[in-house]
Every structure is written in C-alpha cells, then in structure tokens.
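S.K.: Below you will find the structure I want to go over with you.
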Amino acid sequence: MHGTRIVGILGGMGPAAGADFARLFVQACTDEMHAMQIPVSDQTFPEHWLAQVPVPDRTTALGLPGPGGHQPLEPMLQALGKLAALGAKSVAVACNTAHAWHGELQGMFPQVEVLHVAREVANALAKKGIRGIGLLATEGTYRAGLYERALRDEGLVCHIPLAAERERLMQGIYQGVKMGDLPLARECFQSVAVAIANRHELTTLVMGCTEIPLALNAVPGIPSIELLDPATLLARVLAQRAYA
C-alpha cells in the first residue's frame with residue numbers, strides 16, 4: 001500500500017471554515033489518489049488531524065497591536081503544538097488573516113512545515129501566466145499585506161477594493177457568513193466583486209477569506225471571471241504533501 005505522511009489542519013477561525021477545509025482536503029486526497037492511480041478506499045486516505053480551537057479575532061488583533069487576551073498567537077501555537085505532537089509533518093492554517101503570524105508559528109515549530117496560503121496562491125497564478133488579480137479579503141488581511149507581498153514577489157499586481165467596498169466585505173463576513181445569513185453575505189460579496197472586476201478589467205478574483213467562498217460562487221454579469229479559492233488550492237497542496 002502507498003505510504004502517506006501525517007498532516008494537520010489548524011482551524012477554528014471560524015469553525016465552519018475549518019470544517020469546510022477538512023471537506024476540501026478529503027476531496028483533494030481523492031483527486032490525488034486518482035492522479036497517482038491509487039485505489040480509493042477508507043484505508044488509503046492519509047492520517048490527518050483537525051484542530052478546532054477558539055482563537056481571538058485576527059482582524060481585531062491586527063488593529064490593536066500589543067499583548068493581551070485579544071491576541072490569537074498563543075492559542076494558535078498551542079493548537080500547532082498538539083498537531084506536532086500527533087506527528088503532523090505539514091500543517092495548513094484554515095484562515096487567511098491568521099497567516100500574519102505565519103513567521104512566529106513556523107519559527108516555534110521548525111520540525112513542521114507550516115504552509116503559507118498567499119505564497120501558494122501567488123506561485124499557482126504565476127505558473128498560469130496571470131499578471132493581475134483582484135483580492136477579496138478581510139481588513140486584517142489587507143492591513144497585513146499578505147497577498148500583496150506574495151504576489152509582488154511573483155511579479156503580479158494585486159488590486160484591492162475601495163474603503164467602502166472593504167467595509168461591505170466585512171459586513172458579509174461578520175453579519176453574513178459568521179451569523180448564518182448567507183443571502184446577506186452573497187449580496188455583499190457579489191457587489192464588491194462586480195465593482196472591482198469592472199474597474200480594473202480583471203479576469204481573476206482571489207477569495208482571500210475562508211468565509212467568502214461559502215457564499216460566493218459567481219459574479220453577476222461576468223460569467224467568465226475566475227473565482228480562485230485559496231482554501232481549495234491549499235487543501236490540494238496539503239494532500240500532495242500527505243502523499244509525497
């Protein structure tokens with residue numbers, strides 16, 4: 001039987017996004033087995049662990065620097081430590097904004113590969129020859145410059161929404177998806193997607209928050225636009241590590 005490596009998922013930000021990432025990972029494993037011509041069965045899926053822990057809001061923490069119980073690093077470190085103790089060799093963090101603390105997480109656990117979602121996205125887009133994208137994300141992700149830096153390193157231009165549009169995205173994330181109001185979330189996300197795509201004549205939008213793909217699957221009036229889900233891409237990379 002083909003050997004696999006233990007991998008982990010650091011979730012809980014929010015729990016629905018972590019659970020959905022686990023679903024994406026299982027699908028990615030199925031695709032990987034098909035590509036490697038491995039018979040798909042319960043026994044051929046890799047050992048993987050999902051850590052769903054309460055983590056303080058990442059955007060709030062970035063807006064209020066300094067020590068305190070509002071900071072997410074400590075619970076993330078504790079969860080990563082548990083995954084490391086379980087033998088995880090590679091870990092995916094199921095939250096885009098949480099990657100603002102990627103350096104600290106990786107530095108504390110050098111024996112574990114902590115995947116970086118923005119770098120994986122930038123690398124994949126560069127390979128496809130895409131030169132510019134629009135980024136739909138949280139205010140915290142914009143503030144941390146996660147995607148802007150990663151995309152710039154690959155020679156790509158990252159367009160971000162206007163201030164009012166970013167507020168609309170936050171409404172869709174917090175009052176929409178996190179509160180279970182998907183119709184509100186869809187309305188918020190679609191309005192911003194249409195605006196930024198038309199303003200910059202874009203063909204690709206990156207949904208840089210794990211809550212956004214839960215409510216956005218098309219852009220009204222622009223059926224040809226690609227909506228890239230970083231979580232789907234990250235799940236695929238994690239599956240590749242598991243079967244490496």
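S.K.: Exactly one condition in (1) modelled with pLDDT under 95; (2) not in a helix (DSSP H, G or I) is not met by M207; state its number.
M.R.: Of everything listed in (1) modelled with pLDDT under 95; (2) not in a helix (DSSP H, G or I), M207 misses just condition (1).
S.K.: Please verify whether the range 59-71 includes one or more residues that are in contact with a strand residue (DSSP E or B) (Cβ under 8 Å, 6 or more places away or on another chain), in contact (Cβ under 8 Å) with a residue 24 or more places away in the chain and open to solvent by less than 20 Å² (accessible area, probe 1.4 Å).
M.R.: No, the conditions are met nowhere in the range 59-71.
S.K.: Something else: With respect to A79, determine if the residue is of a type in the set (A, V, I, L, M, F, W, C), at pLDDT 95 or above, more than 15 Å from the chain's Cα centre (by Cα) and closer than 26 Å to V177 by Cβ.
M.R.: So A79 fits the description; yes.
S.K.: Please pick out the residue among G172, G145, G180, G176 that is out of contact with any helix residue (DSSP H, G or I) (no Cβ under 7 Å at 6 or more places or on another chain) and open to solvent by less than 30 Å² (accessible area, probe 1.4 Å).
M.R.: Of G172, G145, G180, G176, the one residue that is out of contact with any helix residue (DSSP H, G or I) (no Cβ under 7 Å at 6 or more places or on another chain) and open to solvent by less than 30 Å² (accessible area, probe 1.4 Å) is G145.
S.K.: For the range 235-244, which positions are at pLDDT 95 or above, more than 15 Å from the chain's Cα centre (by Cα) and either of a type in the set (S, T, N, Q) or open to solvent by 50 Å² or more (accessible area, probe 1.4 Å) (or both)?
M.R.: Scanning the range 235-244 gives Q240, R241.
S.K.: Right, something else. Does at least one position in the range 173-180 carry a residue that is small (G, A, S) and in contact with a Pro (Cβ under 9 Å, 6 or more places away or on another chain)? Full working, then the answer.
M.R.: Restricting attention to the range 173-180, the residues satisfying the condition of being small (G, A, S) are 176, 180.
Right, trim to in contact with a Pro (Cβ under 9 Å, 6 or more places away or on another chain) and you get 176.
Among the residues of the range 173-180, at least one is small (G, A, S) and in contact with a Pro (Cβ under 9 Å, 6 or more places away or on another chain), which makes the answer yes.
S.K.: Let me ask something else. Across the range 195-234, what is the number of residues that are surrounded by fewer than 24 Cβ atoms within 10 Å (Cβ to Cβ) and in contact with a Pro (Cβ under 6 Å, 6 or more places away or on another chain)?
M.R.: Counting residues in the range 195-234 that are surrounded by fewer than 24 Cβ atoms within 10 Å (Cβ to Cβ) and in contact with a Pro (Cβ under 6 Å, 6 or more places away or on another chain) gives 2.
S.K.: Do we find that Q171 is farther than 29 Å from G8 by Cβ and either of a type in the set (S, T, N, Q) or modelled with pLDDT under 95 (or both) in this structure? Full working, then the answer.
M.R.: Working: farther than 29 Å from G8 by Cβ: yes; either of a type in the set (S, T, N, Q) or modelled with pLDDT under 95 (or both): yes.
Here the answer is yes, as Q171 does meet what is asked.
S.K.: Could I ask something else about it? When the range 23-37 is examined, which residues are found to be in contact (Cβ under 8 Å) with a residue 40 or more places away in the chain and either in a loop (DSSP other than H, G, I, E, B) or open to solvent by less than 70 Å² (accessible area, probe 1.4 Å) (or both)?
M.R.: Once the filter is applied, which keeps residues that are in contact (Cβ under 8 Å) with a residue 40 or more places away in the chain and either in a loop (DSSP other than H, G, I, E, B) or open to solvent by less than 70 Å² (accessible area, probe 1.4 Å) (or both), the range 23-37 yields L24, F25, A28, C29, E32, M33, M36.
S.K.: Pairs, please: C-beta under 7 Å, at least 6 apart or cross-chain, first residue closer than 22 Å to A150 by Cβ and in the range 188-212, second among the polar types (S, T, N, Q)?
M.R.: Short answer, once both residue conditions are applied: G208/N96; G208/T141; C209/N96; C209/T138; C209/T141; T210/N96.
The values are calculated or read from the model by the stated rules, or taken from the named source; none is laboratory data. Being a predicted model, the structure only gives us computed values, none of them experimental. As a convention, Cβ positions derive from the backbone with ideal geometry for all residues, glycine included, and neighbour counts pool all protein chains shown. Side chains are part of the model used for accessible areas, which takes the heavy atoms of the whole protein and leaves out ligands, DNA and RNA. Shrake-Rupley method; radii C 1.70, N 1.55, O 1.52, S 1.80 Å.
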